[in-house]
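The values are calculated or read from the model by the stated rules, or taken from the named source; none is laboratory data. The structure displayed is predicted, hence computed values, not measured ones. Note: ideal-geometry Cβ built from the backbone for every residue, glycine included; neighbour counts use all protein chains shown.
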Amino acid sequence: MMMRRLKTTLLSLPLITLLSTNASAALISYTHALDFASATSGLSHESFEGTSSFTTRTDSIDFGAFTASSTPANLSIRHESVGDNFATDGSKYLRNQSFSSSLTLSFDAAINAFALDITGWGVGRNGTLTLDTSSGDSTLVATGPRTSGETLFFGFTSDTAFSELILTSTSSRDSWAVDNLFFGSHTASAPEPSSFLLFGTALIALRAAGTRRLHKRHADQRVSSD
């Protein structure tokens, strides 16, 4: 009976380990571009170089694969640096002249990986920048104050596809810019199931030990009967 209970426990442990791993892997964030690049592949790229620059603020811009929007009308495409807002790839960038507001990106096709550069956010000001997706993921991107001239990189992968993400700023009287966007569908490679190997080995050893004890008991019983 004891052997059966131990076997049942050992066999269930790999499944428990796998389920707990999956439950905690909903969103993986990256603060270094090289780490994000190493973890993903085949993503689309947008640096706004193919979009004409304009300074008149608007509430929505269609970039083909996605649409950027902001309420009230705060968006423009700039080709020159404005304060701490500047391009990080090429000469153009998307500027969000927002004051404690948000930037929404709506994608034509669902994605599960995204990254971008942010400049000008939170310079000398307190506040938070958070990201939420239409699939229910939510994470903190940055807290203020930030340093003048700093480029903030943020990327993430999710195990649930989404078609919209929202960057929300609580930093007062702030304008900020985004550039060098990467987005698309990414399939994470399955981790090596080392836990299965470990528990399988333990189970084999336990069964072998139990068999030896059982044989010894039978031998002792035969000796006693003689």
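Things worth noting here:
- Condition check for ILE16: among the β-branched types (Val, Ile, Thr) and either touching a helix residue (DSSP H, G or I) at 6+ places or on another chain (Cβ under 8 Å) or modelled with pLDDT under 95 (or both): yes
- Among residues of the stretch 150-162, those that are farther than 19 Å from SER172 by Cα and among the aliphatic types (A, V, I, L, M), counted: 1
- Of all the residues in the stretch 60-78, those that are at pLDDT below 95 and either surrounded by fewer than 16 Cβ atoms within 10 Å (Cβ to Cβ) or not hydroxyl-bearing (Ser, Thr, Tyr) (or both) number 4.
- Complete set of residues in the stretch 79-91 that are surrounded by fewer than 20 Cβ atoms within 10 Å (Cβ to Cβ) and either in contact (Cβ under 8 Å) with a residue 60 or more places away in the chain or within 27 Å of the chain's Cα centre (by Cα) (or both): VAL82, GLY83, PHE86, THR88, ASP89, GLY90
- For the stretch 135-149, a residue qualifies if it is more than 15 Å from SER169 (Cα to Cα) and within 14 Å of the chain's Cα centre (by Cα), and the qualifying residues are SER135, GLY136, ASP137.
Table: residues versus (1) loosely packed, with under 14 Cβ neighbours inside 10 Å; (2) in contact with a Ser or Thr (Cβ under 8 Å, 6 or more places away or on another chain); (3) at pLDDT below 95.
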| site | (1), (2), (3) |
| --- | --- |
| PHE154 | no, yes, no |
| THR160 | yes, yes, no |
| PHE183 | no, yes, no |
| THR187 | yes, no, yes |
| ALA190 | yes, no, yes |
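- Of all residues in the stretch 100-127, those that are out of contact with any strand residue (DSSP E or B) (no Cβ under 7 Å at 6 or more places or on another chain) and modelled with pLDDT of 95 or more total 1.
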